[in-house]
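Beneath this line is the structure, given in structure tokens, with notes to follow.
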Amino acid sequence: MMADRGLSIDHTSIYRWVQYYGPKLKKRLDWYKQRYASRWHLDETYVKVKGEWKYLYRAIDERGNTIDFYLSHRRNTKAAKRFLKKLIKSNPTCDVSVINTDKNPAYGQAIKELKQEGNLAAHVCHLQIKYRNNRLEADHGKLKRLINPARGFQSMKTAYATIKGFEIMRMFKKGQFNRWMYGTRTEVSFINEQFGIYS
């Protein structure tokens, strides 16, 4: 695409753009997020950072829309609780009724603690039905196809920044911002407006 326009850009430049603009774009687009369905699916996948496996916590709703994500050094109750608090805080108007996870006991403990603290409604039902997370597992795979060519990240900061960029682009592909735009041309204009670029 760049070559068609007579531009020669090194792949490392594009990689730096993703790291720089990904977090900025996510922050700007948070305002445009749609209201998510009340059934949430949570799971984690592995991401290699500096030769070590880290844990990328992700959540989608029953329609397959990406809700949020969180990169952690560890896979434990503290990390699960932090991710859940992030989800609740960033979606205050969403009345979640069901949270489905795998059999990881950390989720159950985290949900229990959040209810006791009053940060999660008592009526929220926690299910641990593996096949119901098949859609999220498939979504992990699509994201991994973007992440894997990087062959690992050199720091948590660059990993998280890059993943933010990938996740936002996946949200566009899923049509999560369609209420604000129609087609590729308006999509480009919409992104330009987020950075104060007007044609």
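The values are calculated or read from the model by the stated rules, or taken from the named source; none is laboratory data. This one's a predicted model, so the numbers in the text were calculated from it and none came from an experiment. All Cβ positions, even for glycine, are placed from backbone atoms using ideal geometry, and neighbour counts span all protein chains on display.
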note = Exactly one of Asp102, Asp139 is touching a residue at least 40 places away in the same chain (Cβ under 8 Å), over 23 Å from Lys174 (Cα atoms), surrounded by 15 or more Cβ atoms within 10 Å (Cβ to Cβ) and not hydroxyl-bearing (Ser, Thr, Tyr), and that one is Asp102
ask   = Condition test on Asn91, is it at pLDDT below 95, buried (at least 16 other Cβ atoms within 10 Å of the Cβ) and under 19 Å from the mean Cα position of the chain (by Cα)?
value = yes
